[in-house]
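This report refers to the structure that appears directly beneath it.
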Amino acid sequence: MGVYHAGSLAVQDRLGVRDLAAHVGRSVGSGIKPVAAAFLELQPLLVMGAADPATGRVWAAALAGEPGFVRATGPGRVSVVGRAAPTNPLAAALATDATPAGAIALDPRTRRRMRLGGRIRPTPRGFAVEADRVFANCPKYLQRRESYRILPDRTPGEPRRGTELTPEQARFVAAADTFFLASVHEGGADASHRGGNPGFLRVDSPRELSWRDYPGNAMFLSLGNLAADPRAGLLLLDWTSGTALHLTGEARTEYTPERRVRFTLFEAVEIPAAVPLRWSPPEYSPANPEQP
């Protein structure tokens, strides 16, 4: 398969951007260039997306550590030191050989991000991703956070599970300026970023969320995946306390004039203090549309 599968091509055709997407797609490769390798080694945060091998549900989850815990260890191989905690919804997927997975390394300090997709290879020290696609994205909709602290004594709390958002979780979602989206297609997976001013992610009911799909790079990898397979996972982080809210369900795109994605929640897992990072307050991206 080339850069795009049938789902992405169908979305591109629907929106009349097939030629532009073909041009942008030339930047996608399978090798990790030196500049990308250097970027990875500076990051304390990596977000993964995959389907659970037992349930098939799709999740996005964060891994964190001292810079260097994720690094390029071959022309198309990224290695991660450390294993996901047992409470992490992706713990089983990241320990299962050949699991299709997507990853995004995002640096809020510089508004840079790098994405890759491939297959999981468990290693004695953690796991690796054998990448079949590697590419960078533009800084649009990334909130700048100038600094962070690593808090090694922060201990994850007991997971809180449910099938709908609690009022407290709904307020947290409505105040978010960033979330991560995991999606899948036959033989592959992707992890991507969505950002905007607070309110861009809307809580329509305790089991329904929606967001406007802002203009991007015209590749439509995520929307293409959802067109082919509606399973999806969302990850929201509290950038101060480290709490992670994991949501899994299905998402579908409405092609109204503003193009909106609607997410139906099947399961929510909230893990207090899941990420041992405390970031400074955000400076919102100048690309963010104003909220009505």
Exercise for review: At 7 Å along the Cα-to-beta-carbon direction for both ARG207 and ARG26, put a label point, then send me their distance in nm to one decimal.
Suggested key: 4.8 nm
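Ignoring everything except DSSP H segments at least 4 long, calculate the 222 nm mean residue ellipticity for the chain; use -39,500 (n - 2.57) per segment, divide by total residues, nearest 500.
That comes out to -4000 deg cm²/dmol.
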Check your understanding: DSSP loop GluC sites (Glu not before Pro) in the range 116-174 with at most 12 other Cβ atoms within 10 Å of their Cβ, which ones?
Key -> GLU146
Study note, to complete from the structure: chymotrypsin sites (Phe, Trp or Tyr not before Pro) in the range 206-262 lying in a DSSP loop, each with at most 13 other Cβ atoms within 10 Å of its Cβ, come to TYR255
Practice item. Report the calculated FRET efficiency for LEU42 and ALA92 (r = Cβ-Cβ distance, R0 = 35 Å), to the nearest 0.05. Key: 0.75
Study note, to complete from the structure: Taking max minus min of the Cα coordinates of the range 95-236 on each principal axis, largest first, gives extents in Å of 42, 40, 35
Study note, to complete from the structure: GNM of the chain, Cα pairs under 10 angstrom: of PRO139, PRO67, PRO86, the biggest fluctuation goes to PRO86
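In units of 2.2 N^0.38 Å, what is the alpha-carbon radius of gyration of the range 1-146?
In units of the globular-protein estimate, the range 1-146 measures up at 1.07.
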Practice item. Excluding ALA131 itself, calculate the net charge of residues whose Cβ lies under 14 Å from the Cβ of ALA131, where each Lys or Arg counts +1 and each Asp or Glu counts -1. Key: +4
Review point. In whole percent, what relative contact order does the chain give with Cα contacts below 8 Å and a gap of six or more residues?
Key: 21 percent
Point to revise | Within a Gaussian network of the chain (alpha carbon springs, distance under 10 Å), most fluctuating of THR264, THR256, THR248 | key: THR256
**Study point:** Label-point gap, in nm, between VAL81 and CYS138 - each point 7 angstrom along Cα→Cβ
**Key:** 3.7 nm
Check your understanding: Gaussian network model of the chain, Cα springs within a sub-10 Å range: biggest mean-square fluctuation belongs to which of ARG260, ARG160, ARG71?
Key -> ARG160
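Only the coordinates and a few stated rules stand behind these numbers; no lab work does. Small disclaimer: the values here were computed from a predicted structure and weren't measured. We place every Cβ from the backbone using ideal geometry, glycine too, and count neighbours over all the protein chains shown.
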